């Protein structure tokens, strides 16, 4: 009976192949675990951290306003007007004009870069977050805050109070703004006043470079049938779409319907 002869070279080659397969498997498992941890970090940890930070930011503003320290930053109205002290004002009403007349010099109302100065509340979404100046990711948006586009209007003033927020990760405050319907309310609180806007219309998708949506009279440059043609008191909310991408922008517009001093 002939016995099979195993050459040492063939044995070594087979052993090397086994080691290579084993090493490759270990690397794939390691890469998979790292990717899983990154996903957990992005989808869970950043949300938790940012939401806690945003809640702390809201509470800090409320404490500061409760002390009544300093002048209002970024508000459209001052307090102390007898005509507006106990009424809710609609744009163009006497109370609204009195509030604007009592406001400090607009130049003094510009908040500092990345400074939080207002609170945005959306009852339908159970959302309450700080508004900070600027739309930088690290300095504002990644904190779970909503960012105010520099150069656009301020709360309650004629023009367009335009805001941006993350739709996914880092607190994702604007994740569900696509659910807002005409008539839903959005409140903006500052040190001296509370402004209520009513959702008016939604642009489901436009280019990330569509700057027309945040102009004083907001109107899409990509889809000109969406937007407005006359001056007014507008609110614009913008976020990325579809979810987990930043290719397009989702836009929700509202109009100022009431205002009252704090």
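Read-outs: derived from the displayed coordinates by stated rules, not from any lab. All values derive from a computational prediction rather than experimental measurement. Here Cβ is always computed from backbone atoms with ideal geometry, including for glycine, and neighbour counts include all displayed protein chains.
The table for this structure:
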read-out	value
Three-way shape label, segment 137-262, alpha-carbon gyration tensor, a/c 1.5	oblate
Length released on extending from residue 11 to residue 113, taking residue separation times 0.36 nm less the Cα-Cα span	29.9 nm
Sites residue 56 and residue 185, calculated FRET efficiency, Cβ-Cβ separation with R0 30 Å, nearest 0.05	0.75
Highest-first arrangement of 121-129, 157-165, where packing means the average Cβ count within 10 Å	157-165, 121-129
Where labels lie 7 Å past Cα in the beta-carbon direction, separation of residue 178 and residue 211 in nm	2.8 nm
Label-to-label distance, nm, for residues given as residue 204 and residue 255 (7 Å Cα→Cβ offset)	2.4 nm
Additional length obtainable on full extension of the chain from residue 124 to residue 221, 0.36 nm per residue less Cα span	32.0 nm
Order by protection proxy (mean Cβ within 10 Å, highest first), peptides 9-19, 192-202, 141-151	141-151, 192-202, 9-19
Calculated FRET value between residue 158 and residue 45, using beta carbons and R₀ = 45 Å, to 0.05	0.60
